[in-house]
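Working notes, beginning with the structure itself.
The values are calculated or read from the model by the stated rules, or taken from the named source; none is laboratory data. Note that the coordinates shown come from a computational prediction; the quantities given were computed from them, not determined experimentally. All Cβ positions, even for glycine, are placed from backbone atoms using ideal geometry, and neighbour counts span all protein chains on display.
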Amino acid sequence: MSNPNPEARTTPVSTAATEAGEGQKKTAEASLLADAWRSLRKNPWFIISAAILLVMLAMAIFPQLFTSEDPRACFLERNRQTPSAEHWFGTDIQGCDYYTRVIYGARNSIAVGFIVSLGVLVISLILGLVAGYFGKWVDAVISRFTDMVFAVPYILGALVFLNVIPTRGVREVAMVLIIFTWPTMTRLMRGSVISAASTEYVTAARALGAGHVTIMRRHILPNSLGPVIGYATVFIGIIIGAEATLTYLGVGLQLPAISWGLQLSDAKPYLTSFPHLLVFPLLFVSLTVFAFMTLGDAVRDALDPKSKKK
Amino acid sequence: MTRYIIRRLLQFIPVILISTLIVYALVFAIPGDPIRALAGDRPMSDAVREQLRQQYNLDDPFFIQYFKYIWGVFTAADFGTTFQGRPVLDIIQQRLPVTVTLALVATAIQAVFGVIAGILCTIYKDRFIDRLVQVSTVMMVALPIIAIGFLLQLVFGLNLGWFPIAGNREGLVSYLLPAFTLASVSTGIIARLLRGELVDAMQSDYVRTATAKGLKRTRVIGRHGLRNAMIPVVTFIGADLASMLGGSIVVESIFNLPGLGEQVYRSISGQEGTVVVGIVTLMVIFFVVINLLVDLLYGLLDPRIRYE
Amino acid sequence: MTETTTTSGTPLLEVRNLEVEFRSKTGVAQAINGMNFTLHAGETLAILGESGSGKSVTAQTIMGILDMPPGHITGGQILYRGEDLLTMGEEKRRKLRGMNISMIFQDALSSLNPVLPVGWQIAEMFRVHRGFKRKEARAKAVELMQKVGIPAAEKRVWDFPHQFSGGMRQRIMIAMAIALDPDVLIADEPTTALDVTVQAQVMGLLKDLQAEHNMGLILITHDLGVVADVADKIAVMYAGRVMESADVFEIYARTANPYTKGLLESIPRIDGAGERLRAIPGLPPPLTDMPAGCPFSPRCEFATELCTAERPALREIVPGHRSACHYAEKIYAMSAEGTEEARA
């Protein structure tokens, strides 16, 4: 999880409805969305990732649909079995059915992803909007503060912080991840706002005497959201990877919680003898992360009129 | 230019101070007895405890403690000592080469593979090679780093047995798998970034001019297209080198490489606060300085950028 | 300059029945439908037309820098000293580019490489085509920059394009294009992006250089004013076809094509004070959906059923004056009359 590169991805959405009135603007936005949807439906990456995500989300919300076994029903006498017709993914060290464990692992991982991404999105929208719109010293203060947190590698910050929290659940892990990961998206939002704020219709709105809040809400926010929304989806994937990494390193979720990261962590000593213990949770983490990132990219491309040409 | 550098350096002072302060606070200002935190679960005599209190100026107010520490770092390269009395600088000196080697090998890998892939994509745009590279870079960018690490360990380490999967006893060869792991995400990003830039550049007016000058296609791409398209790529590679130190924590843990990242991880679990603070402070300084250098590099590569 | 024009022997450049189309998912656009012209040494041919008339595509096709795909050359020949460029080997053709046939583009700022010094870009011509060493090539670059009138060329040789003014940048483009003393110079709207005062200077420079090197100059423009000053011959293009071609004075005095007539009436004239300017009604036909007959017929005041049914060929009306119009003689007679009236 090296730092995902926001600058490279930044392609501010220019708007179709530049000097149009409010009514026209609505239709222009609607057609932009319809356009986006049309191009998404044709994008195979979008279809694949959306399908994977639907399955993963169903797994997270209704794991009972996928398995009738209890993930905590473990019998030492059947431990460390390799995959078979009875136990599709084999059994783990404690003799739990590994398929059931992996299915039940989806919930915690995806929950952390969603909570963190939502939290970071809220912070980024507020800070990015304020910094990008007001500029000058407000921007300077927020940007420098962002730089400072950005300079601390988030895996490191989270490691240090989580290490001193004795009991760590989804809430704690999510909180800490939010604290250390918000700068990337905030920078993206700020850049997006700056390019939206420098457009002529904003100048025009300002000349007509519109208030700050109105301009931000009506003109800037809708036009700067595109890349940020796409990135927020990508970000869910990044965070699911980060949670698994932290838990694997021993500072994330703790037993008796069930999570892919914990399964990876438990499996590490058996890398050579029982690789299936590693392969299955790894496969699920990878698929989920892949699906979120690909979906986010597809959405961002679809919302960005300029990227379509390529 | 000089004025710009000075101004950027001045701006960086608060960034460095506060970033390191955040880390310092995390380690030393947590509720409870910091000495207990320092010692972890190990028993400690009162004499040692008193000595440590003195050494870390723990009887001073928090900010004074911090400033005394950071003053020591910048004036005397004094990163404190471990609980056992070993200078943290000593540990850093011992471990730094491993991490630097890892980061440099990874940077070389991502630069070479990413750039070649990006060029191939542009030359064979919308053909099979382009599609193949695009699909693989999507995978590379989207797979979590631990997944890639384990995958490489399983396939190339265990099944094929080509590379060692842990430690660094076999010299440079043992750095290959970890470096590929650390480089994978960025290789994908570089390939995609360069493809986008180069495709744009190849459609630009100045490349049309270069063709009209009667240059060979290789020269048109190499001298005129790439020269422009590489600007964001080079800055990305630079900026990525800065964030690699953070990524090294995970990779070094997976592959048991005795570098700074693995040391930080171990010290965090072992609650050796001084080591953590020392190494992290160093990493933050690296990060900030590399980013400044990247900014300046950008100006060298693109003559249109003016520093004021 | 007309004195040096030789109409005998093999022309420098001859374009015969050139056809170019652009293919995309949505359809086929006929960018050029049978382009014909000849160019001799020392001669200036102006290709005149609105945007989308195919004049830039013609230039790019001659240069061999057309993007293919989407462009496809579907027919015709481009003869350089009697040799067909379109069937020539790629390597041979590449060597002709820049060396024998070179080109100046409209927007010098985007056409010069932004990250390479201008001197380097000029010197590159000598290094690649002539194999000059770095120092020799640099000296040549300075020399050329002085020749095109860049002050303090010695000092500015390592400056970047963005550090020059628009006119100076276009001069640098010119220096690069004439570096290897080409026979044919194609100038695609060379002054459109410049201020009016600078335009005249740059055109003057082009004219001087042409006379000095006895180059054949193809001037692509939509500006009738520029044409009158510089050109020897004019080819008026409309919807990918040549509508009329003749000597410059001939066309201004007696046009034989309704489109040219419309163009001439749409520009203000110094001697025509008080006259109302007339615009040509309507728009050019979409290239993807060309009318079966004369492409100008939907907008033409003289159009008849014949015009919408049959596409007129480009034919000689009087020696050296060709027009693609069924009623060319009628228009020719009309405009000749008009000129007499104006003189009276």
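Structure notes:
- Scanning segment C:112-150 for residues that are of a type in the set (S, T, N, Q) and crowded, with 20+ Cβ neighbours inside 10 Å yields C:113, C:121.
- Test: residue in segment A:233-256 that is within 22 Å of residue B:164 (Cβ to Cβ), surrounded by fewer than 18 Cβ atoms within 10 Å (Cβ to Cβ) and either modelled with pLDDT of 80 or more or of a type in the set (Gly, Ala, Ser) (or both): no
- Pairs with Cβ under 6 Å, 6+ apart, first in segment A:49-61 and closer than 10 Å to residue A:291 by Cα, second surrounded by 19 or more Cβ atoms within 10 Å (Cβ to Cβ): A:49/A:291; A:49/A:294; A:49/A:295; A:52/A:291; A:53/A:291; A:56/A:106; A:56/A:288
- Verdict on residue A:206 being at pLDDT below 80, surrounded by fewer than 17 Cβ atoms within 10 Å (Cβ to Cβ), at negative phi and assigned to a helix (DSSP H, G or I): yes
Yes/no matrix, rows are residues, columns are (1) surrounded by fewer than 21 Cβ atoms within 10 Å (Cβ to Cβ); (2) in contact (Cβ under 8 Å) with a residue 24 or more places away in the chain; (3) not in a helix (DSSP H, G or I):
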| position | (1), (2), (3) |
| --- | --- |
| A:102 | no, yes, no |
| A:122 | yes, no, no |
| A:162 | no, yes, no |
| A:176 | no, no, no |
| A:187 | no, yes, no |
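- Taken over segment A:82-100, residues that are in contact (Cβ under 8 Å) with a residue 12 or more places away in the chain and charged (D, E, K, R) amount to 2.
- Scanning segment C:151-187 for residues that are more than 19 Å from the chain's Cα centre (by Cα), crowded, with 23+ Cβ neighbours inside 10 Å and among the aliphatic types (A, V, I, L, M) returns C:172, C:179.
Table: residues versus (1) touching a strand residue (DSSP E or B) at 6+ places or on another chain (Cβ under 9 Å); (2) farther than 23 Å from residue B:156 by Cα; (3) assigned to a helix (DSSP H, G or I); (4) more than 10 Å from every other protein chain (Cβ to nearest Cβ).
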| residue | (1), (2), (3), (4) |
| --- | --- |
| A:238 | no, yes, yes, no |
| A:242 | no, yes, yes, no |
| A:246 | no, yes, yes, no |
| A:252 | no, yes, no, yes |
| A:255 | no, yes, no, yes |
| A:263 | no, no, yes, yes |
| A:268 | no, no, yes, no |
| A:276 | no, no, yes, yes |
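- Segment A:232-254, residues that are within 14 Å of residue A:188 (Cβ to Cβ) and touching a Leu at 6+ places or on another chain (Cβ under 6 Å): A:232, A:233
- Against the list (1) touching a Lys or Arg at 6+ places or on another chain (Cβ under 6 Å); (2) assigned to a loop (DSSP other than H, G, I, E, B), the condition residue C:181 fails is (1).
- Taking the criterion of being within 29 Å of residue B:21 (Cα to Cα) and among the basic types (Lys, Arg), the only residue of segment B:222-279 that qualifies is B:266.
- Among residues of segment B:135-150, those that are surrounded by 18 or more Cβ atoms within 10 Å (Cβ to Cβ), over 20 Å from residue A:113 (Cα atoms) and either more than 7 Å from chain A (Cβ to nearest Cβ) or of a type in the set (Lys, Arg) (or both), counted: 2
- For segment A:173-204, a residue qualifies if it is closer than 17 Å to residue A:160 by Cβ and among the polar types (S, T, N, Q), and exactly one does: A:181.
- Every pair of residues 6+ apart whose Cβ atoms lie under 6 Å, when the first sits in segment B:223-244 and is within 8 Å of chain A (Cβ to nearest Cβ) while the second is part of a helix (DSSP H, G or I) and surrounded by 23 or more Cβ atoms within 10 Å (Cβ to Cβ): B:240/B:186; B:244/B:103
- If the condition is being more than 22 Å from residue C:243 (Cβ to Cβ) and of a type in the set (Phe, Trp, Tyr), then segment C:25-80 contributes only C:80.
- Contact annotation: residue pairs with Cβ atoms under 8 Å, 6 or more positions apart or on different chains, pairing a residue in segment C:258-274 that is at pLDDT 80 or above with a partner that is assigned to a loop (DSSP other than H, G, I, E, B) and among the acidic types (Asp, Glu), are C:258/C:301.
- Segment C:107-135: number of residues that are assigned to a loop (DSSP other than H, G, I, E, B) and at the interface with chain B (Cβ under 9 Å from one of its Cβ atoms): 7
- Among the residues of segment A:278-289, at least one is over 30 Å from residue B:204 (Cβ atoms), more than 8 Å from chain B (Cβ to nearest Cβ), aliphatic (A, V, I, L, M) and more than 13 Å from the chain's Cα centre (by Cα).
- Residues satisfying the stated conditions in segment B:98-134, i.e. assigned to a loop (DSSP other than H, G, I, E, B), under 15 Å from residue B:192 (Cα atoms) and away from chain A (no Cβ under 14 Å): B:124
- Members of segment B:167-207 that are of a type in the set (D, E, K, R) and touching a helix residue (DSSP H, G or I) at 6+ places or on another chain (Cβ under 7 Å): B:192, B:195, B:197, B:205
- The one condition from (1) within 10 Å of another protein chain (Cβ to nearest Cβ); (2) over 14 Å from residue C:113 (Cα atoms); (3) in contact (Cβ under 8 Å) with a residue 12 or more places away in the chain; (4) assigned to a helix (DSSP H, G or I) that residue B:154 does not meet is (3).
- Selection status of residue B:268, in a helix (DSSP H, G or I), crowded, with 19+ Cβ neighbours inside 10 Å and free of Cβ contacts under 8 Å to residues at least 12 places away in the same chain: yes
- Flag if residue A:192 is surrounded by fewer than 22 Cβ atoms within 10 Å (Cβ to Cβ) and within 28 Å of residue B:292 (Cα to Cα): no
- Residues of segment C:140-161 classified as assigned to a helix (DSSP H, G or I) and in contact with a Leu (Cβ under 7 Å, 6 or more places away or on another chain), total: 1
- Any chance residue A:141 is free of Cβ contacts under 8 Å to residues at least 60 places away in the same chain and buried (at least 24 other Cβ atoms within 10 Å of the Cβ): no
- Top-ranked residue in segment C:194-218 [being surrounded by fewer than 19 Cβ atoms within 10 Å (Cβ to Cβ) and in a loop (DSSP other than H, G, I, E, B); ranked as modelled with the highest pLDDT]: C:214
- If you go through segment B:173-214 and keep only what is at the interface with another protein chain (Cβ under 7 Å from one of its Cβ atoms), among the polar types (S, T, N, Q) and in contact (Cβ under 8 Å) with a residue 40 or more places away in the chain, you end up with just B:186.
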